[in-house]
Every structure is written in structure tokens, then in C-alpha cells.
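Nothing in this text is a laboratory measurement; each read-out follows from the coordinates by a stated rule. Only a predicted model underlies this, so the values are computations on that prediction, with no experimental measurement involved. Because the Cβ atoms are built from the backbone with ideal geometry, glycine has one as well, and the counts that use them run over all protein chains shown.
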Amino acid sequence: MNNIKSHKMTAMSTLLGLLATLAIAGQAMAAKQAPSTPVNVNTASVAQLMEVPGIGPAKAQAIVAYRDKTPFTSTNDLVNVDGIGEKMLAKIAPYVTVSDGAALAPGTSGKAAR
């Protein structure tokens, strides 16, 4: 009788552990919400860059390292950052800018036309 209770307790404990693991995994895999305003890649912190869908800690740090050497003059410059190619640029373009204004289309500089 005690053996059956022990097995039931073990099964219940395993089930609860599995449910907790699934809940945590579901939260981690949920898509992050895009920032409400475009993120300026020339001034944003690593944490702010990580708010952009598709940008994690490594890419955010790579963006900061790149801009410390060469400030971005265009959103297209992001393809020079390790881990960001044309496909990633197309994905993040609506959420990034190189100025304090609205998001810029890839290939634009953010400078006023003269």
C-alpha cells in the first residue's frame, strides 16, 4: 500500500515539474512585443536594442560595439554588424532608426534633403 502511494506521489511530483517547465518555456518562447517607438541604434542601450524583435543580447552588444567605432549614418549600415544580414535588416527595419524621428526605410540616412 505504501509502495502505491509512493508511486502516485512520484508521478504527481513529476507531472507538476513538467507543467512548471512547460509554463516557463512558453513564456520564454512567446514573441516579444515590438517597441512603441523606433529605437535609435546610435544612442540605444543594449537593453533598449533587445526590445527590437530579432535582436538578442549578442546582436545588441555587436551593434553597440560597431557604433562605438563607426556611428550609423543609415539603417543599411546595420548589415556591417556581425549577425545582421539583409534578411535580418528587413525584419528589424520598421523598429530601428538612426535619428530621433520616425523609422527610416533601409538605405535612408536620416539627414534632411537640401
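Summary table below
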{"item": "Top-ranked residue of region 43-69 - restricted to ones that are among the β-branched types (Val, Ile, Thr) and farther than 15 Å from SER99 by Cα, ranked as farthest from the chain's Cα centre (by Cα)", "result": "VAL64"}
{"item": "Number of positions in region 66-75 that are assigned to a helix (DSSP H, G or I) and surrounded by 12 or more Cβ atoms within 10 Å (Cβ to Cβ)", "result": "3"}
